[in-house]
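Everything below concerns the one structure shown next.
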Amino acid sequence: MYTDKNLTCVDCCSPFLFSAGEQSYFNLKGLTNEPKRCASCRVLYRAKRQGKGPESTSEVVCADCGATARVAFRPNGDRPVYCTRCYMTKKTTPVEILAAG
């Protein structure tokens with residue numbers, strides 16, 4: 001069984017939570033290493049790797065929990081935007097929950 005872990009981002013040095021659900025997802029996908037970056041820094045890192053600047057991302061307030069998050073697109077305001085954690089919670093289907101358990 002997985003338990004939540006507090007990790008520190010290598011880019012911004014902020015603490016972030018590597019939840020039990022995320023650990024289960026990593027295991028299902030065959031990923032063996034823990035994340036090195038918080039969700040916001042991961043978005044910036046991916047943009048940089050794709051040759052884009054930070055202006056291609058947006059800082060938003062999660063529609064569910066109210067946390068500040070960085071996303072890889074410019075929201076146009078017609079739909080709610082979620083932080084990574086809330087998005088993963090909403091994205092999880094009952095089949096994925098059974099497979100993780």
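For this structure, a couple of remarks:
- Of residues in region 37-54 being in contact with a Phe, Trp or Tyr (Cβ under 9 Å, 6 or more places away or on another chain) and in a loop (DSSP other than H, G, I, E, B), the one farthest from Met88 (Cα to Cα): Arg37
- Among the conditions (1) in contact with a strand residue (DSSP E or B) (Cβ under 8 Å, 6 or more places away or on another chain); (2) surrounded by 13 or more Cβ atoms within 10 Å (Cβ to Cβ), Pro75 misses just one, which is (2).
- Region 52-92 - residue that is of a type in the set (Asp, Glu) and more than 12 Å from Ser40 (Cβ to Cβ) and, of those, modelled with the lowest pLDDT: Glu55
- Of the residues making up region 7-26, those that are over 29 Å from Arg74 (Cβ atoms) and either touching a residue at least 40 places away in the same chain (Cβ under 8 Å) or part of a loop (DSSP other than H, G, I, E, B) (or both) number 1.
The values are calculated or read from the model by the stated rules, or taken from the named source; none is laboratory data. In this text the structure is predicted, and so the values were computed from the model without any measurement. Virtual Cβ from ideal backbone geometry, glycine too; neighbours counted across all protein chains shown.
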